[in-house]
Amino acid sequence: MLSKRSLVGIRMNFQTMALLFFMLIGGQVMAADPAVVESEEAIAAGKSLFNTNCKTCHKLDQKLVGPALRGITDRRSIDWAKSFIVNSGAVIASGDEYAVALYEEYNNAVMPAHTFLSDDDLNNLLSYIEYGDKVDPAAAAVAEGGEGAVAVGGGIPSEYLTIILAVLVVVLLLILVVLGLIISILTKYLNKQDLDEEDKEFVTQKFELGKVFKSDAFVIIVTALVVALVAKTAIDGLYSVGVQQGYAPAQPIAFSHALHAGQYEIACQYCHTGVEIGKSANIPSANICMNCHTHIQNVGGKEGISPEIQKIYNAVDNDTPIEWVRVHNLPDLAYFNHSQHVKVGGIECQTCHGQIQEMEVVAQHSSLTMGWCIDCHRQTEIAASGNEYYDKLVQLHSDSKDALKVKDIGGLECAKCHY
């Protein structure tokens, strides 16, 4: 027969683990919404709505104009997500802390209202956002982390942590079930025995929360969780070393891409003359600026010129270059050719640089890590149409069910980028 001390230990461990288990998953259970389901019909309907209304500004697992969307029902409630989709301006105006933070992070841009969407439409849209077009962990590792993702620039993929957490919850649940069965059997057995009053009082004792917090098992589990959190934070920090995503330095002249490339629709190639013909896109000289500003904002002589444009005149008059601060900077060990991507590959500037035509101050949009580049090579299809150079490659690749991608023509070979 087990001793009284052994039974006390079993009972206390069970109570401690049960408390921690329900603390861990209780919030998730309360947040569940049966309307947002992982069904093919709902996901298909949601994808159609997403492509029509959301695709221009959002991706599921990467930032675009707006944040990555997958996981929004984990970060916020279902009702909050629906309210924000229908009328984000109203949610922001209400002073909601999370909505205001998003508004400020994305340059005070307000998402258009979608009051025409029904509740079923919203449920289908959220089903697609949460369960549609899932990517593998390798791709998620280099995604441009949205809300709820790992630290800027890298870290352990959130999908890995979700899997680990799910496994731990399952293991904990199994342990709780086993301990519960053991205690139940032992209690029934002891109740049938001829026990003295002291033993009966012990067997029938009630749950005491204070003893749980003082138990060795509780202290060990809490300590393990704290250590795991600290380790995760340290690993995220190591992964972000050398990554400057979001870097937006002040420039010597307050040049606005939103004004020039956005409002006036000046092509990127006009100022960045090397983007289609060479390795570097080139930083424009003051002479290129003067092609326009010799005539624009020059009414009444130099006295009528704005202070920022006056700096361009000063650079030309003094024959001194404008000392622009470099924003995007790859290490010397990596080779990147703009013309190969822009001219041959047909890649838009926004693919790497984000919505540059909306930026008042240029910031590094992508992480520009090796993993980010490799993932792009894995996903990007070759623009073979109308290019005879690829005809033979397309023919050789015709037996494959997948489209010809960069990875199929050596895009993952080390020597392509590390020469």
Using θ = phi - 60° and Karplus 6.51 cos²θ - 1.76 cosθ + 1.60, couplings along region 385-402 (whole Hz; Gly, Pro as x): 5, x, 10, 5, 4, 9, 4, 5, 5, 5, 5, 5, 8, 5, 6, 7, 6, 8
³J(HN,Hα) computed for each position of region 318-324 - Karplus, 6.51 cos²θ - 1.76 cosθ + 1.60, integer Hz, glycine/proline x: 8, 6, 10, x, 7, 8, 5
Segment LYS55-GLU265, length gained on full extension (0.36 nm per residue, minus Cα span): 73.4 nm
Reach of LYS188 by Cα under 25 Å, taken over lysines that are not fewer than 8 positions away in the same chain: LYS4, LYS200, LYS206, LYS211
In nm, spacing of pseudo-spin labels at ALA113 and VAL241 (7 Å Cα→C-beta vector): 5.1 nm
Computed label-point distance, nm, for sites ILE253 and TRP324 using a 7 Å Cα→Cβ extension: 1.0 nm
Over 25 Å between alpha carbons, listed pairs LYS59/LYS405; LYS311/LYS343; LYS63/LYS401; LYS47/LYS82; LYS59/LYS416: LYS311/LYS343; LYS63/LYS401; LYS59/LYS416
³J(HN,Hα), Karplus 6.51/-1.76/1.60, whole Hz, each residue of region 357-370, x for Gly, Pro: 6, 10, 8, 6, 10, 5, 10, 6, 7, 9, 6, 6, 7, 4
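Throughout, read-outs are computed from the coordinates displayed, never taken from laboratory work. Predicted model, so just to flag it, every value in this text is computed and none were measured. In this analysis, Cβ positions are derived from the backbone assuming ideal geometry, glycine residues included, and neighbour counts consider all displayed protein chains.
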